[in-house]
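Please read the structure below before turning to the comments.
The values are calculated or read from the model by the stated rules, or taken from the named source; none is laboratory data. Please read all numbers here as calculations on a predicted model, not as lab measurements. Heads up, the Cβs are rebuilt from the backbone with ideal geometry, glycines too, and the neighbour counts pull from every protein chain shown.
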Number of protein chains: 2
Amino acid sequence: MNEPGSHADRMARAALTWLAEPGNRAVWTLVQQAGAPAALDRLLAGDVPDRWLRSAISARSAAGDAREVAAEAMRLAEEAGARLVVPADAEWPARVDTLAALEIDSGMRVNRDTRPPLCFWVRGDLPLGPTLERSVAIVGARASTGYGTHVTNELAYGLAERGWTVVSGGAYGIDAAAHRATLAANGATVSVLACGVDRPYPVTNSEMFAQIAERGLLISEWPPGAEPLRHRFLIRNRVIAAATAGTVVVEAAARSGATQTMSRVLALNRPGMVVPGPVTSAMSVGCHELLRKYPTARLVTSVADVLEEVGLIGEYLEPEPRGREHARDRLDEQSALILEALPRRGTVTPEDLAAAARLELRTVLRRLSLLEAAGLVLRTETGIMLTPRGGQPPGNRHSNG
Amino acid sequence: MNEPGSHADRMARAALTWLAEPGNRAVWTLVQQAGAPAALDRLLAGDVPDRWLRSAISARSAAGDAREVAAEAMRLAEEAGARLVVPADAEWPARVDTLAALEIDSGMRVNRDTRPPLCFWVRGDLPLGPTLERSVAIVGARASTGYGTHVTNELAYGLAERGWTVVSGGAYGIDAAAHRATLAANGATVSVLACGVDRPYPVTNSEMFAQIAERGLLISEWPPGAEPLRHRFLIRNRVIAAATAGTVVVEAAARSGATQTMSRVLALNRPGMVVPGPVTSAMSVGCHELLRKYPTARLVTSVADVLEEVGLIGEYLEPEPRGREHARDRLDEQSALILEALPRRGTVTPEDLAAAARLELRTVLRRLSLLEAAGLVLRTETGIMLTPRGGQPPGNRHSNG
């Protein structure tokens, strides 16, 4: 009844994202320890060590009953054709769970509360996890220039043509250009919202959001009906960073939100990419700031440059040798565990592999498909085996796609 | 008679730069070992281990007598109002001697033959060394765009206003824009030519070259009358890299000469700076290539960015902490030796300091002026002493100008 994925688990997670803002460290930890239903009980009973969180929850509770709100959100979701996706679901995008390890050195709450999502509200038919598996985020200024829009079109269209999902935030300017170019290329696009998926913001992009719901995905951590409060965009940005194989910033004003997104991308060891522009353009000042501030941010000028960073191999392995340690860092942890657990010779069953790698069978099967596509493992009739490339030490695996 | 700086030394150096292309490793080594006059004798006698050099010299000798050519070059120089500057002269730009340690990993001769100049032919009244002490090179595409010209104007004018010498190669496009903007700001500009200073190339920039000769410096390693042969520009580039405190590339086509200059700048541990541009511009492709290829190349957008890299302190000390080892790397070697040789307390005479640092007195005196200007040492009546900042370990010295 209270198992992960059960009705109680779902309702509790739905209630929790209304009760406290997503990403809250104390809430997430409690859910990990006690499960969502018990966590909800304890939070509603005021059994919270964090005083700030306790008073926030009591203020929220004064406005309504969390369980009733969750039920109402479920009803609104059904009306909007949306579903709730929780970690126990097959379509859960596993990559966002890497937020569990994200630590950003800063006194600000928004940099402390960067834990993984408890659930996603999803509008659209595509399966969430597989759609995000080969995805790139393209984000940037709302007040974009013709140059920025042009470059965004080129990148989004090119990535979509090559089968990549383009993720963005649905805002005016660069975000909308990225979504629209992907739609134009008949590609998959995912809009990560900071409000309910039943009322995507900004409303003037409604026609675009309708198309995305039709052919892509509108997703949000906030329940239907939730408003796009200002601070929610900053909370949302960690999902854009964590759900994708890499993030491209196209245009950004000085000291803009792009800096915050980029700090998360790089802290997650994902490729953080920046498009330069004329030094005379105010809308490129933020991009140049990023490239000057973060030595690991990569300047990109084309679809080819982006693919070099996040390409099929690059998704798990560093494409260019920038030092062996770095290559290991960027290797997806679960894939690395699986590769290491595989015998140098002969085959192994997925079950034995899961045991050896200390991972869940489902996780192993999911990763194996991708490792196979990357040419690192082979499925034979007797089981899984390493290919010659898969058997190389990590530092040598970046050779060619 | 044969001492460094003597008439024989000068004439031999003049002859040597006609006999073999400047930068030749074997020639330079021979001059260091035997002195220029003896080196010339041995080369003319065919006493050369390098077969390639031997045949080049014999081909050259067939075209004329090296000593007669040198005498004629001297005459042409006098006619053109030019002088010969050799390492023994007070105005020798010491920074170019760091080329002695330059090693670039490549099979190409032009990357092997990067030894220091044997001499400079100089047109203009300014003293060569002091003029280059606070200098920045601005180089780039001949086929520059309006954007590149605009940015070059801003940078060169701004640097000149702040008392920096702007060095370039005298070519069309970015080079000419850099020289002209510096002249417009009444600044000092140095054009490093790949031909004789009596016939600067390209001729369509003659009016500009005349102004530079009047108010700045035209310099060349090749004797008067020498033609601007294609390969000489690549040989010349090492001087632009080595003579300046840093180099800015403004616009560059794909795989252009700017890449070669930048490789020398970075191999010399000098700030290598690159101005980004629209990714849609062919003239910025080379700039973006540089920024992607060289992790130590710095993106710059303004005079302030350039000064951050090469500013009065930055000229010898790393302005921003990018790791302590790196800061030590960029510290000018002679200055570092002098700082380390200074007592923690009390004063020392320049003579004792020279002995302790194992440097020539002249070198010590030259560096002390700059260390004093940088606020790292103080000259008192009893001798030289460290300032509180000069006494800090290198990694902590980058605080403020």
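Of note:
Per-residue answers, yes or no, for (1) over 27 Å from the mean Cα position of the chain (by Cα); (2) within 12 Å of B:ILE338 (Cβ to Cβ); (3) modelled with pLDDT of 80 or more; (4) not assigned by TED's automatic domain parsing to the domain that holds B:VAL306:
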{"position": "B:ALA357", "(1), (2), (3), (4)": "no, yes, yes, yes"}
{"position": "B:LEU361", "(1), (2), (3), (4)": "no, yes, yes, yes"}
{"position": "B:GLU372", "(1), (2), (3), (4)": "no, yes, no, yes"}
{"position": "B:GLY375", "(1), (2), (3), (4)": "no, no, no, yes"}
{"position": "B:ARG379", "(1), (2), (3), (4)": "yes, no, no, yes"}
{"position": "B:THR382", "(1), (2), (3), (4)": "yes, no, no, yes"}
{"position": "B:PRO388", "(1), (2), (3), (4)": "yes, no, no, yes"}
{"position": "B:GLY391", "(1), (2), (3), (4)": "yes, no, no, yes"}
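- Output for the range B:149-161, where each listed residue is within 10 Å of chain A (Cβ to nearest Cβ), in contact (Cβ under 8 Å) with a residue 12 or more places away in the chain and not aliphatic (A, V, I, L, M): B:GLU154
- Unmet criterion (only one of (1) over 16 Å from the mean Cα position of the chain (by Cα); (2) in a loop (DSSP other than H, G, I, E, B)) for B:ASN153: (2)
- Count of the range B:126-143 residues which are in a loop (DSSP other than H, G, I, E, B) and more than 14 Å from every other protein chain (Cβ to nearest Cβ): 6
- Some residue of the range B:217-239 being outside any helix (DSSP H, G or I) and within 14 Å of chain A (Cβ to nearest Cβ): no
- Residue ID - modelled with the highest pLDDT, chosen from residues in the range A:251-262 that are surrounded by fewer than 24 Cβ atoms within 10 Å (Cβ to Cβ) and part of a helix (DSSP H, G or I): A:GLN260
- For the criterion of being over 20 Å from A:LEU99 (Cβ atoms), in a helix (DSSP H, G or I) and outside the structural domain of A:ARG199 (by TED's automatic domain parsing), A:PRO37 passes.
- Lone qualifier among B:SER220, B:SER191, B:SER206 - being hydroxyl-bearing (Ser, Thr, Tyr), touching a residue at least 60 places away in the same chain (Cβ under 8 Å) and assigned by TED's automatic domain parsing to the domain that holds B:VAL167: B:SER220
- Qualifying residue in the range B:117-140 (condition: over 16 Å from the mean Cα position of the chain (by Cα) and of a type in the set (Val, Ile, Thr)): no
- Qualifying residue in the range B:308-328 (condition: under 18 Å from B:ALA137 (Cβ atoms), surrounded by 16 or more Cβ atoms within 10 Å (Cβ to Cβ), within 14 Å of another protein chain (Cβ to nearest Cβ) and modelled with pLDDT of 80 or more): yes
- Scope the range A:171-208; condition under 19 Å from the mean Cα position of the chain (by Cα) and not in a loop (DSSP other than H, G, I, E, B); matching residues: A:ILE174, A:ASP175, A:ALA176, A:ALA178, A:HIS179, A:THR182, A:THR189, A:VAL190, A:SER191, A:VAL192, A:LEU193
Quick grid of which residues meet (1) more than 25 Å from A:LEU268 (Cα to Cα); (2) surrounded by fewer than 20 Cβ atoms within 10 Å (Cβ to Cβ):
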{"position": "A:ASN24", "(1), (2)": "no, no"}
{"position": "A:LEU43", "(1), (2)": "yes, no"}
{"position": "A:ASP47", "(1), (2)": "yes, yes"}
{"position": "A:TRP52", "(1), (2)": "yes, yes"}
{"position": "A:ARG60", "(1), (2)": "yes, yes"}
{"position": "A:GLU68", "(1), (2)": "yes, yes"}
{"position": "A:ALA71", "(1), (2)": "yes, yes"}
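- So B:VAL197, is it crowded, with 24+ Cβ neighbours inside 10 Å, under 22 Å from B:ALA14 (Cβ atoms), β-branched (Val, Ile, Thr) and touching a Pro at 6+ places or on another chain (Cβ under 9 Å): yes
- Hey, B:PRO343 in a loop (DSSP other than H, G, I, E, B), modelled with pLDDT of 75 or more and surrounded by 23 or more Cβ atoms within 10 Å (Cβ to Cβ) or not: no
- Going through (1) closer than 13 Å to B:ALA297 by Cβ; (2) crowded, with 24+ Cβ neighbours inside 10 Å; (3) not hydrophobic (A, V, I, L, M, F, W, C) one by one, B:ASN269 falls short only on (2).
- Against the numbered list (1) surrounded by 15 or more Cβ atoms within 10 Å (Cβ to Cβ); (2) assigned to a loop (DSSP other than H, G, I, E, B), B:GLY64 comes up short only at (1).
- Within the range B:272-285, tally of residues that are small (Gly, Ala, Ser) and crowded, with 24+ Cβ neighbours inside 10 Å: 3
- All positions within the range A:271-288 that are more than 9 Å from chain B (Cβ to nearest Cβ) and either touching a strand residue (DSSP E or B) at 6+ places or on another chain (Cβ under 8 Å) or closer than 16 Å to B:MET273 by Cα (or both): A:PRO271, A:GLY272, A:MET273, A:VAL274, A:GLY286
- Across the range B:1-30, the number of residues qualifying as in contact (Cβ under 8 Å) with a residue 60 or more places away in the chain and in contact with an Asp or Glu (Cβ under 6 Å, 6 or more places away or on another chain) comes to 5.
- Selection from the range B:33-51 of residues that are of a type outside the set (Asp, Glu) and free of Cβ contacts under 8 Å to residues at least 12 places away in the same chain: B:GLN33, B:ALA34, B:ALA45, B:ARG51
- Across the range B:103-128, the number of residues qualifying as surrounded by fewer than 18 Cβ atoms within 10 Å (Cβ to Cβ) and closer than 29 Å to B:GLY163 by Cβ comes to 3.
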